[in-house]
Each structure stands twice: as structure tokens, then as C-alpha cells.
Amino acid sequence: MTAGYTAVLLLDQVLLPRLLVPLLQGSMYDRFLVLFPLLLSLLILGKLSRRSSNIGNISMAFIVGAGAAVAIGGALVGTIFTQIKAAAAPLNINQVAAAGGTLGTVLEGAFVLIGTIATLTYFHFGARIKPGQTAGRAIWIDRTAKVGEIFIGITLGALLAGVFSSSLVALVERVSTLVHVILQFFYP
């Protein structure tokens, strides 16, 4: 039933309005634009046969490339650029002042930015090999990575404290329930 519904939906929402109508009723420009996806679709049918499967590789390469471009673009725009913008927002003095923030807000933003850069530097494993010496990172990268290591340690400690305190709260609740049930036997 799902396959039938998908086929009807594909025919009604994709093939008819986006392929057949522009091909039959569209302008010359519309017909030219439709021919490229039509050609790729026909080439992908070559994957059905073992002898002609190489013909379908062109379409598959286009699909994989377009999918990778969409995924990378989405990751950049939706994640990385958004995080950079959010991390840089407290450093914009005019914007902080307009929102009623103080110098402490700017210093907090600078502290977060330094912590982020230092933590990311900790995970930089590139090393230069100099003749006659062992491979090693530059001194400034190594020192920045040590600061990042401190930030990582503090973060992991805070996470451990959070897990421990929530476990302790659960234990206190369970012991309280047990004490309450036991006391009901003696003092109904």
C-alpha cells in the first residue's frame, strides 16, 4: 500500500508537473532544462543490467555529489556558521550595550571564545618534522593546547558532578520511599 501511494504521489507531484508539463507545454528554455534530468533518469535505468551498469554511474556520481554538497552546505550554514555567530555575539560591544549588557558580558564572551579556541587546538594533531629532531607541534600550539586541556578537564569534572548529583538525588528519593513504606507498617 505504501509503495502504491508513493508511486501515485511521485507521478502526481513530480513527474507530471515537473517533467511532462514543461516538456509538452513549456517554452524552449523549459524543455531544455527538463532534458538534463530526463537524460540522467534514463541513464540510471542502465543500472538494471549488468552489461550497461557503467552508463548509470554518471547519474549515480551526480546524485552522490549533489547529496554531499547539500549535506556539507547544510552543516556549514546550519551548524558551524550559527555557532560562530553565537560565540561572537557577546564580543560585539554595540550589540551588548543595546541589549542592556555590561562589560562582564563582553568578558564572559571573550572567556568562552578563548576556551573554545584552546579546546579545539588541543585536538590539533599536526606536527612538523624537522631534520634531526622528533616530530612536534609548534610551541604556541602546544601551550594553547595545555589551556584547552584545562578547559576539557573542568568540563568533564562538571559533567561528572552533574551525573553524581542526579544519582544522589535518585538514591535519596528511593531511600525516602522505602522509609515511608516501612514506617507505614509500624504506624498505619
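The numbers here are math on the coordinates, done by the rules we state, and not lab data. Since this is a predicted model, take the numbers as computed values, not measurements. Reconstructed Cβ throughout: ideal geometry from the backbone, glycine too, with neighbour counts over all protein chains shown.
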Per the filter on region 12-34, residues part of a helix (DSSP H, G or I) and surrounded by 12 or more Cβ atoms within 10 Å (Cβ to Cβ) are Leu15, Arg18, Leu19, Leu20, Val21, Pro22, Leu23, Asp30, Arg31, Leu33, Val34
Per the list (1) touching a Lys or Arg at 6+ places or on another chain (Cβ under 8 Å); (2) free of Cβ contacts under 8 Å to residues at least 12 places away in the same chain, residue check on Met60 breaks on (2)
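Right, Leu45: touching a Phe, Trp or Tyr at 6+ places or on another chain (Cβ under 9 Å) and either farther than 30 Å from Ile152 by Cα or surrounded by 11 or more Cβ atoms within 10 Å (Cβ to Cβ) (or both) or not?
no
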**Message:** Looking for something in contact (Cβ under 8 Å) with a residue 24 or more places away in the chain and under 30 Å from Ile114 (Cα atoms) - is there at least one such residue anywhere in region 73-85?
**Reply:** no
